[in-house]
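What follows is one structure encoded as structure tokens, with my remarks underneath.
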Amino acid sequence: MTLSRFAAIAVALCFQVAVLWAGTFDKGEELFRENRPQAAIPLLEQAVTEPGVDERAYLYLALSYQQLGRYDDAVAALRKGLTQAQRFKALFYFDLANVFVLQGKNTFAVDMYGQAIDTDGTYAPAYLNRANARLSIKDYQNAAVDYRRFLELAPNDPQRPQIEELLKRLGAGIAAAQEAAAAAEAKKLADEAAKKALVDQVSASLKASADNTTSLSAGAGDVQGYNNDLQIEQ
């Protein structure tokens, strides 16, 4: 066999392997977008073991784990993906923080939202979710800073009226003497309904942007909802 013939065969084999890898990721992505996390997980688990796989495979795998309540597995997938993330590094930190919120680890979540912000200082959802996490740990002053920064970056966000109302209450709470009557209100942010909404919204956002990697890196991700009756614990 001539050297040129051998080289041609080697190139063909590499091409066939590359197609196989792409097919694993593509099929896993398709199942994920069809909201079939149980079926998507085995393919995505295989895809992330293959050299050169699209880094979104880790994001899809982690979100599939989240949908099934496998939070520790989601954390592991995101941490592994971070070692090679380039285009979506801020989103990896953001999603990792979201998992910590779901686990009730709001202090860790604050740190990870901060990493997302350090990676992309214009990523508005990270400011909003960090504000919510800070609210949960009663860091009201820094929560207010984050809410204001979010409104600067996303002035037309539909949640603006609720956030502005919350900022008024935060301002009053920070300035006033402690009041025992509102002691339990901030805990509503961590109830099961909010957790489920977070998983559903993150999943929907990432699915909608799967075909647009630019928007995925610049604007994808979930933000936590608001309770209009929320009062500030003193």
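What follows is calculated from the coordinates using simple rules that are stated; it is not laboratory data. What you see is a predicted model, and the numbers here were worked out from it, not measured in a lab. Positions of Cβ are backbone-derived with ideal geometry, glycine not excepted, and every protein chain shown enters the neighbour counts.
Of the conditions (1) free of Cβ contacts under 8 Å to residues at least 60 places away in the same chain; (2) touching a Gly at 6+ places or on another chain (Cβ under 7 Å); (3) over 30 Å from Tyr140 (Cα atoms), Phe25 fails just one. Which one is it?
(2)
Filter the stretch 29-45 for residues that are of a type outside the set (A, V, I, L, M) and either touching a residue at least 24 places away in the same chain (Cβ under 8 Å) or surrounded by fewer than 17 Cβ atoms within 10 Å (Cβ to Cβ) (or both) and give the result.
Our first condition is that a residue be of a type outside the set (A, V, I, L, M); within the stretch 29-45, this holds for 29-30, 32-38, 42, 45.
Within the stretch 29-45, Glu29, Glu30, Phe32, Arg33, Glu34, Asn35, Arg36, Pro37, Gln38, Pro42 qualify.
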